[in-house]
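Visitor: Questions regarding the structure given below will be posed in turn.
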Amino acid sequence: MTAPAPESLPARFPHRHLLGIEGLSADQITYLLDRSERYVEVNRGGNKKSSLLRGLTVINLFFESSTRTRTSFELAGKRLGADVINMSVAWSSIKKGETLIDTAMTLNAMHPDVLIVRHPDSGAVKLLSEKVNCAVINAGDGSHEHPTQALLDALTIRRRRGRLEGLTVAICGDILHSRVARSNIYLLGTMGARVRVVAPPTLLPAAIERLGVEAFSDMTAALEGCDIVMMLRLQTERMHGTFVPSIREYFRFFGLDREKLQAAKPDTLIMHPGPMNRGVEIDSEVADDIDRSLIREQVEMGVAVRMACLDTLTLALRGEAEAEAPRRAAP
Amino acid sequence: MSERFAFVNARLLDPASGLDARGALVIEKGRIADFGAHLFGDGAPGDLPAFDCGGQCLMPGLVDMRVQLGEPGEEHKETIRSGGLAAARGGVTSMVALPNTEPVVDDVAGVEFVARRAREVKLAKVYTYGAVTRALEGKEITEIGLLSEFGALGFTDATRAVADAGVMRRALAYARAYDQLIVQHPEDPALADGDMNEGEIATRLGLHGIPVAAEVIMVERDLRLLELTDGRYHAAHVSTRAAVEAIRAAKARGLRVTCDTAPHYFTLNESAVGDYRTFAKVSPPLRGEDDRRAVAEAVADGTIDAIASDHSPHDQDSKRLPFAIAAPGIAGLETLLPLSLALVHDGLMPLLDLLARLTSAPAAILGLEAGRLQRGAPADLTLFDVERAWRIDPDAFVGKSKNSPFDDHPVQGAVLRTVVDGRTVFQTES
């Protein structure tokens, strides 16, 4: 296939790729969320499978291991009737990475329609998107962005609270290395939510408040009056004296437990992108609280959001971009 | 060119003496025989072969005190020949190569190799630094005495800092016996373990930030060691206001410290990284606007003694990578003069002062007989048009590597002709 001309892109989402949330408008985010809603219903119904993407090839290209995200994308593609291929590429940044461009060129020659890419280096997915002719979805690049995670988080919140605007959301944990945090900061900020970030100072990136958030290193203060508490995963190799001294110290001050949660609103909801480190960043009792925890719902929303993204990015290819254009008033 | 030759109708510029006058210059057997405003009365030089400069600027050839030439070891990126062509095109008649080749220039054979290759190539004059420590490992100091005897112009671990304070102290003290210069890459390696300047842009891009403090901490440590040892110290490619201020204060205290910067540090700021543009990845990183301005001001007031290209040629494969693993550096030899002239055109400093930073000042730091118009000195000259406006086109570089963030960058000032030992090594078509 060849890339669709810019004028053939759908007016409400005029992007060839989904590389990040930064730069998307509130309208465009709303469009993706609305479209995702439809797929939540489809997925809950009896007949989950459609033939919308029949004949299209979707390649899951993962340079970093992942089970959840890859499975979620795979399921989304298959439910839409696409041919889905999974590729895992061992990647070490010590071994010079010509492989990235090489792999992109090789795959491009096979004429895929959508490439879903995860890579351990920030910016790598964008670099790859410049070398291929098909749509590219960023499934997480380094510490940069993970747009479908932010979309599924937003969908989860919106379904529970009916809105995003005006909510106070605390994002807690390894903000420095987190692509989930960055995508959520952009999305929630664009949609009018108030965002707080909470971490030990060693895990807060420089000038983070310039992204429109309030930064805290006191978890109780940060949770005060929050509608949503979003926990992040802390990788174990960062917990032994490099960024934080120990797991027990981290849990004591930054782990989410009943006690700290009391500072938040009584009906506050808890989220986690998974996989969880129980007893490190989150107490099991809290994670499993069915009244509060949205963690399983997030997984469900993930498939719907990814179906909506695949659907949207292939509209032009399927010749349906026109149909999505906003109706013009009759003259 | 014949044995005797004259440049007439030139605007003679000699930053060392302050000369700025219309006149002529005569070359004889590769050396400057005579020059001045009234060399031939007001008449023609008789039957002497002459080139009419049409009023353009004739100055001592540029002395570039920091280049990487890729040879030996990385000849696919640059060679002494291709780097020599790039230098000639850039008006550079003398340059000093970093010792981080493969093998490292940490013994006399390495120094001799560079000297021999440069003699064979016969373009710009090529000198080399010796490594401060064996294999640039930062542990054992090299044979500084012998290496300097064989022509090493100073000592540096190139793009690596001499991180160990004890090693640096000994290097500064030991080099004093041979009156040798220690050139530092002033970045604390533990703090400089990142991809770009620390701040909002790095945070947005998810790249590891390098704080401004990484530079000034190393500079300040080294200045203390300099005070302790009474050696000679040169800080390379200064990029921050804090480091500039530390060096300014040290100079006021009378320490023997000098420093340079590269044009990108006073031309660009961190926003040039844009959306992961690896051509704007350099070490140290491009800084914020306040630092950029401080560097420009320090060049103007002389706190920064010299401007060097920090020529770092890289092939496509080293740059077409995710930002974090792309090679740092800019191919800068061919754009050194026009980018630097912006400081004059922007009204920050007089022309002669700027040219001093590119000629007499680096030559003095290195102890080279170069960088000034002097009777009997080698005829290393650059003829340039200070006004000509053009846009940089890296694809048109004659050097092997085209890695420059200055694609389509508008500049004013162009090299017309470069002369080394009386031989023309570059000349524009027209």
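Every number here is computed from the coordinates shown, using simple stated rules; none is lab data. For clarity, every value in this text was computed on a predicted model and none was experimentally measured. Cβ: placed from backbone, ideal geometry, glycine included. Neighbour counts: every protein chain shown.
Visitor: Based on alpha-carbon centroids, what's the gap between the range B:188-203 and the range B:343-378 in Å, whole number please?
Guide: 34 Å
Visitor: What is the local net charge at B:Arg160, summed over the other residues whose Cβ is closer than 10 Å to its Cβ (Lys, Arg +1; Asp, Glu -1)? Display every interim value, and only then the final one.
Guide: Working: positive: none; negative: B:Glu137, B:Asp157, B:Glu187.
Every neighbour counted, the sum reads -3.
Visitor: In the range A:130-193, which GluC sites (Glu not before Pro) are in a loop and have at most 16 other Cβ atoms within 10 Å, using DSSP for the loop call?
Guide: Details: sites: A:Glu130, A:Glu145, A:Glu165; in loops: A:Glu130, A:Glu165.
Sites meeting the loop and neighbour criteria: A:Glu130, A:Glu165.
Visitor: One quarter of the convex hull surface, Cα atoms only: what value does that give for the protein assembly as shown in nm²?
Guide: On the way: hull surface 154.3 nm².
That works out to 38.6 nm², a quarter of the Cα hull's surface.
Visitor: List the longest stretch of chain B that has no exposed loop site; here a site is one of the GluC sites (Glu not before Pro) assigned by DSSP to anything other than H, G, I, E or B, with at most 11 other Cβ within 10 Å.
Guide: On the way: sites that count: B:Glu3, B:Glu429.
No qualifying site falls inside B:4-428, the longest such stretch.
Visitor: Roughly what % of Cα-Cα distances in chain A sit above 25 Å, to the whole percent?
Guide: Working: 27835 of 54615 pairs.
The calculated P(r) of chain A puts 51 percent of pairs beyond 25 Å.
Visitor: Counting other Cβ atoms within 10 Å of each Cβ, which trypsin sites (Lys or Arg not before Pro) in the range B:108-184 have at most 12 and sit in a DSSP loop? Walk me through the numbers on the way to the answer.
Guide: Numbers: sites: B:Arg116, B:Arg117, B:Arg119, B:Lys122, B:Lys125, B:Arg134, B:Lys139, B:Arg160, B:Arg169, B:Arg170, B:Arg176; in loops: B:Lys122, B:Lys139, B:Arg160.
Loop-located and lightly packed - B:Lys139.
Visitor: Just flag the trypsin sites (Lys or Arg not before Pro) in the range B:1-86 sitting in loop per DSSP whose Cβ has no more than 12 other Cβ atoms within 10 Å. Write down the numbers at each step before the final one.
Guide: Details: sites: B:Arg4, B:Arg11, B:Arg22, B:Lys29, B:Arg31, B:Arg66, B:Lys77, B:Arg81; in loops: B:Lys29, B:Lys77.
In loop regions of the range B:1-86 (DSSP not H, G, I, E or B), the sparsely surrounded trypsin sites (Lys or Arg not before Pro) are B:Lys29.
Visitor: Taking 0.36 nm per residue of sequence separation and subtracting the Cα-Cα distance, how much length would be gained by fully extending the chain between A:Ser50 and A:Lys131, in nm to one decimal? Present the calculation step by step, with values, prior to reporting the outcome.
Guide: Values: separation 81, 0.36 × 81 = 29.16 nm, distance 3.06 nm.
So the extension gain works out to 26.1 nm.
Visitor: Turning to a different aspect of this structure: In deg cm²/dmol, rounded to 500, what helix-only [θ] at 222 nm does chain B give when every DSSP H run of at least 4 residues adds -39500 (n - 2.57) and the total is split over its residues? Write out the running numbers ahead of the final one.
Guide: Working: 13 runs with 124 residues, N = 430.
Roughly -8500 deg cm²/dmol at 222 nm, from the helical runs in chain B.
Visitor: While we're here: Between B:Arg134 and B:Arg256, what FRET efficiency follows from the Cβ-Cβ distance if R0 is 22 Å, with the result rounded to 0.05? It would help to have the intermediate numbers written out before the result.
Guide: On the way: r = 25 Å, r/R0 = 1.16.
With R0 = 22 Å, the Cβ-Cβ based efficiency is 0.30.
Visitor: Considering only lysines 8 or more places apart in sequence, or on different chains, count the pairs in chain B whose C-alpha atoms sit under 20 Å apart.
Guide: Qualifying lysine pairs in chain B: 15.
Visitor: Estimate the FRET efficiency between A:Glu237 and B:Glu102 by the formula 1/(1 + (r/R0)^6), using the beta-carbon distance for r and 35 Å for R0, to the nearest 0.05. Before the final figure, lay out each step's value.
Guide: Working: r = 33 Å, r/R0 = 0.93.
Efficiency, from the Cβ-Cβ distance: 0.60.
Visitor: Hey, another quick one. Any chance you could list the semi-axes, whole Å, largest first, of the equivalent ellipsoid that the Cα gyration tensor gives for chain B, using √(5λ)? The partial results should precede the final answer.
Guide: Numbers: eigenvalues 228, 116, 87 Å².
Taking √(5λ) for each eigenvalue gives 34, 24, 21 Å, largest first.
Visitor: Still on this structure, I have one more. If you rank B:Ser309, A:Ser284 by fewest surrounding Cβ atoms within 10 Å, what's the result? Show your work: numbers first, answer last.
Guide: Working: B:Ser309 31, A:Ser284 11.
Ranked by crowding around the Cβ, least crowded first: A:Ser284, B:Ser309.
Visitor: So what's the back-of-envelope 222 nm ellipticity for chain A, counting only DSSP H runs of four-plus at -39500 (n - 2.57) apiece and dividing by all residues, rounded to 500? Kindly include the intermediate steps, with their values, before the conclusion.
Guide: On the way: 12 runs with 119 residues, N = 331.
Helix contribution divided over all residues of chain A: -10500 deg cm²/dmol.
Visitor: Can I ask one more? For the range A:109-146 and the range B:234-255, what is the separation of their C-alpha centers, rounded to whole Å?
Guide: So the separation of the two Cα centres works out to 44 Å.
Visitor: Moving on. For B:Ala16, what charge total do you get from the other residues with a beta carbon under 15 Å from its beta carbon, if Lys and Arg give +1 and Asp and Glu give -1?
Guide: Values: positive: B:Arg357, B:Arg372, B:Arg375; negative: B:Asp14, B:Asp20, B:Asp305, B:Asp353, B:Glu369, B:Asp380.
Surrounding charge for B:Ala16 is -3.
Visitor: Dividing the alpha-carbon Rg of the range B:331-391 by 2.2 N^0.38 Å yields what?
Guide: On the way: Rg = 12.8 Å, N = 61, 2.2 N^0.38 = 10.5 Å.
Normalised by 2.2 N^0.38 Å, the Cα Rg of the range B:331-391 equals 1.22.
Visitor: Nearest 0.05, what FRET efficiency do B:Glu149 and B:Asp290 give at R0 = 45 Å with Cβ-Cβ as r?
Guide: Details: r = 44 Å, r/R0 = 0.99.
Efficiency, rounded to the nearest 0.05: 0.50.
Visitor: Turning to a different aspect of this structure: Taking the number of other C-beta atoms within 10 Å as the exposure measure, put B:Cys57, B:Cys259, A:Cys309 in order starting with the fewest. Let's see the in-between values first.
Guide: On the way: B:Cys57 20, B:Cys259 27, A:Cys309 24.
Listed from fewest to most nearby Cβ atoms, that is B:Cys57, A:Cys309, B:Cys259.
Visitor: What fraction of the DSSP beta bridges in the protein assembly as shown is antiparallel, stated in percent and rounded to the nearest 5?
Guide: 35 percent
Visitor: Distance from the Cα centre of the range A:15-89 to that of the range A:209-262, in angstrom?
Guide: Cα centroid of the range A:15-89 versus Cα centroid of the range A:209-262: 31 Å apart.
Visitor: Hey, fewest Cβ within 10 Å first, where do B:Ile182, A:Ile295 land in order? It would help to have the intermediate numbers written out before the result.
Guide: Values: B:Ile182 28, A:Ile295 19.
Ascending Cβ contact count within 10 Å gives the list A:Ile295, B:Ile182.
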